């Protein structure tokens, strides 16, 4: 497979995939992926030799139903730990279409950085913060994001907490009737 590269701060990074941070009124569109379950930005793996900006637009459209225009590169994120590749994150905007469910996106939300769901994948918070801080005149960032068994364990624990809280709310509603 021919992997495209992106250069940030004079360093070339091979890119495996791309995501798009669709921004509207200071909010970013997150989607809920069914497996593994969690909230994240639209995106996916690049096809052989595909420009990462095209990957971001294509995946954004496939997963959300919106027509997407990529505006700029926000950053390149290199995984460390369980994965060892890099992803590009672009800032984009919705130019048409309408939200629809897909196999990869069961639900969506427009959120600020302070409104990220507890079950957002651990690496997404930094990516959303960088995308919201990105402007047409700021250079893209490069960040190394650790993904270890510990990170995934703590992410799983958040899901357990979410489910316990949900069951408590359901139980309280039933007892209030």
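The values are calculated or read from the model by the stated rules, or taken from the named source; none is laboratory data. Bear in mind that the values here come from a model prediction, so they are computed numbers and not experimental data. No Cβ is skipped: glycine too gets one built from the backbone with ideal geometry, and neighbour counts run over all protein chains shown.
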Identify all residues within the range 114-133 that are in contact with a helix residue (DSSP H, G or I) (Cβ under 9 Å, 6 or more places away or on another chain), in contact (Cβ under 8 Å) with a residue 24 or more places away in the chain and farther than 16 Å from residue 36 by Cβ; write none if there are none. 116, 128, 132
Of (1) buried (at least 18 other Cβ atoms within 10 Å of the Cβ); (2) at pLDDT 95 or above; (3) more than 17 Å from residue 70 (Cβ to Cβ), residue 131 fails just (3)
Sort out which residues of the range 83-105 are outside any strand (DSSP E or B) and either within 14 Å of the chain's Cα centre (by Cα) or at pLDDT 95 or above (or both), and write them in order of number. 104
Which of the residues belonging to the range 1-50 are out of contact with any strand residue (DSSP E or B) (no Cβ under 6 Å at 6 or more places or on another chain), surrounded by 17 or more Cβ atoms within 10 Å (Cβ to Cβ) and part of a loop (DSSP other than H, G, I, E, B)? 50
Verdict on residue 76 being in contact with a helix residue (DSSP H, G or I) (Cβ under 7 Å, 6 or more places away or on another chain), surrounded by 15 or more Cβ atoms within 10 Å (Cβ to Cβ) and either farther than 16 Å from residue 17 by Cβ or modelled with pLDDT of 95 or more (or both): no
